[in-house]
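Here's the structure, in structure tokens; my notes come after.
The values are calculated or read from the model by the stated rules, or taken from the named source; none is laboratory data. Because the structure is a prediction, the values reported are computed rather than measured. Quick reminder, even Gly has a Cβ in these numbers, built from the backbone with ideal geometry, and neighbours come from all protein chains shown. Surface areas here come from the heavy atoms of the whole protein model, side chains and all, with no ligands, DNA or RNA. Shrake-Rupley method; radii C 1.70, N 1.55, O 1.52, S 1.80 Å.
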Amino acid sequence: MRAMTVVPGKADSAAVSEVAEPPSTDGSILVEGVLAGICGTDHELVGGHFGTGRSGTDRLVIGHESLGRVLEPAAGFRVGDLVTGIVRRPDPVPCPACARGEWDFCRNGQYTERGITGMDGYGSERWRIDPYYAVPVPAELGLLGVLVEPASILTKAWDQVDQVAARSWFQPEHVLVTGAGPIGLLAALIAAQRGYTVHVLDRATEGPKPRLVRDLGGQYLTDLSELDVAPDVVIEATGAGQVVVDSARLLPPGGVMCLTGIAPGPASIEVQLDALVRQLVVRNAVLVGSVNAAKRHYADAVDVLLAADPAWLGRLITRTVPLSNWTSGLVRDPADIKVVVDLQA
Ligand code: BGC
């Protein structure tokens, strides 16, 4: 069967490869791949900066934002049911966090991730999955089910904000989201669903992003100076040091900023850290990093998508490329938000 592959650690090795059918050790559910989303992590894998393959093979099947259709009945799943696969698997020790299902908080770093580290992903014509890691996607979501995994990154991020918020009285009103890619827009969607006033910062002055933000009832900013309120919560999705520091400075007393993005390349900025530290301390402000997601965050993500306007969600998927030419989806177009690969084309 055909699959989206890279040679881990080798830049520009992305290809369509013939690979073996998925082994039964991957799980009892056989799935026909429908869509795989491409994200920043995939660009890093393609750039050779990141990733390890399944042992004994030199190519890694990538694709961790998945949507598939069950091909054979198994474990309560029926033929034709839509599923998405959880990305991370607990480390083998396991560490205390992984032992209680919190693999997203793995303490020893020996976890594996499908399509990223140590395990083949979901970017193939067929894949298998263990029922525990298969998330049912309601039929009404249809192809939008490919957004469950990226949305799980944000339901986890918002969970972090809520956990921090529980320390004292906290009633957020204004939420700043930095970055209007898929992660930032899904963060803004959740903020709007929660009834907060949403402000989204992005460099783009054209393309679909401003409208998408305004259709959530949010304010679209291309410069932080346009923000005339203090954001109680910041969801940071650019990973750009300057944006992080500038936004952190805006946090009011009790403010919370969740960092969800990392910058692709090495960069350095001059920061007067002592001044920033003083400000964070006297304001009880919190910067919290967040990566990956536990099983419950996927269920929350399904609920977020079900509650959203499907037409708005559909506008996040700006391009679909066929598996036969999936590498064309790696060429960045300024109008792109989420590019997905049609695994049967
Ligand atoms: C994925 C996460 C993963 C992270 C680091 C992200 O793109 O969505 O599930 O933990 O990359 O590998």
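Screening Arg126 against (1) within 18 Å of Gln344 (Cα to Cα); (2) free of Cβ contacts under 8 Å to residues at least 12 places away in the same chain leaves a single unmet condition, (2).
The rows are residues; the columns are (1) in a loop (DSSP other than H, G, I, E, B); (2) among the charged types (D, E, K, R).
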residue: Met257; (1), (2): no, no
residue: Glu270; (1), (2): yes, yes
residue: Val291; (1), (2): yes, no
residue: His297; (1), (2): no, no
residue: Val321; (1), (2): no, no
residue: Trp326; (1), (2): no, no
residue: Gly329; (1), (2): no, no
residue: Ala345; (1), (2): yes, no
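Within the range 67-78, identify whether any single residue is open to solvent by less than 10 Å² (accessible area, probe 1.4 Å) and either touching a His at 6+ places or on another chain (Cβ under 8 Å) or of a type in the set (Val, Ile, Thr) (or both), and answer yes or no.
Taking the range 67-78 as the starting set, the residues that turn out to be open to solvent by less than 10 Å² (accessible area, probe 1.4 Å) are 67-68, 70.
Then keep just the ones that are either touching a His at 6+ places or on another chain (Cβ under 8 Å) or of a type in the set (Val, Ile, Thr) (or both); that gives 70.
Yes, the conditions are met somewhere in the range 67-78.
Residues in the range 231-255 that are part of a loop (DSSP other than H, G, I, E, B), aliphatic (A, V, I, L, M) and open to solvent by 10 Å² or more (accessible area, probe 1.4 Å): Ala237, Ala240, Leu250.
On the given criteria, is Val161 open to solvent by less than 30 Å² (accessible area, probe 1.4 Å) and not assigned by TED's automatic domain parsing to the domain that holds Ala15? Outline the logic, then answer.
On the way: open to solvent by less than 30 Å² (accessible area, probe 1.4 Å): yes; not assigned by TED's automatic domain parsing to the domain that holds Ala15: yes.
The answer is yes for Val161.
Residues in the range 50-66 that are out of contact with any helix residue (DSSP H, G or I) (no Cβ under 9 Å at 6 or more places or on another chain) and surrounded by fewer than 24 Cβ atoms within 10 Å (Cβ to Cβ): Thr52, Gly53, Arg54, Ser55, Gly56, Thr57, Asp58, Arg59. Residue count for the range 131-162 under the criterion of being in contact with a Leu (Cβ under 7 Å, 6 or more places away or on another chain) and not in a helix (DSSP H, G or I): the result is 2. The criterion of at least 1 residues that are within 16 Å of the ligand (Cβ to nearest atom) and in the same structural domain as Thr117 (by TED's automatic domain parsing) is met by the following strands (runs of 3 or more DSSP E) wholly inside the range 1-107: 2-6, 29-38, 65-70, 82-85. Here Trp312 fulfils each of the conditions (1) within 20 Å of Gly181 (Cα to Cα); (2) within 16 Å of the ligand (Cβ to nearest atom) apart from (2). Please verify whether Val177 is part of a strand (DSSP E or B), in contact (Cβ under 8 Å) with a residue 12 or more places away in the chain and either in the same structural domain as Val161 (by TED's automatic domain parsing) or in contact with a Cys (Cβ under 6 Å, 6 or more places away or on another chain) (or both), treating the condition exactly as stated. Criteria met by Val177.
Residues that are assigned to a helix (DSSP H, G or I) and either in contact with a strand residue (DSSP E or B) (Cβ under 9 Å, 6 or more places away or on another chain) or not aromatic (Phe, Trp, Tyr) (or both): does the range 194-208 have at least one? Scanning the range 194-208, I find no residue that is assigned to a helix (DSSP H, G or I) and either in contact with a strand residue (DSSP E or B) (Cβ under 9 Å, 6 or more places away or on another chain) or not aromatic (Phe, Trp, Tyr) (or both), so the answer is no.
Under the condition of being closer than 24 Å to Pro334 by Cα and touching a residue at least 40 places away in the same chain (Cβ under 8 Å), the residues counted in the range 189-210 number 7. Scanning the range 108-124 for residues that are within 11 Å of the ligand (Cβ to nearest atom), on the phi < 0 side of the Ramachandran plot and in a loop (DSSP other than H, G, I, E, B) yields a count of 3.
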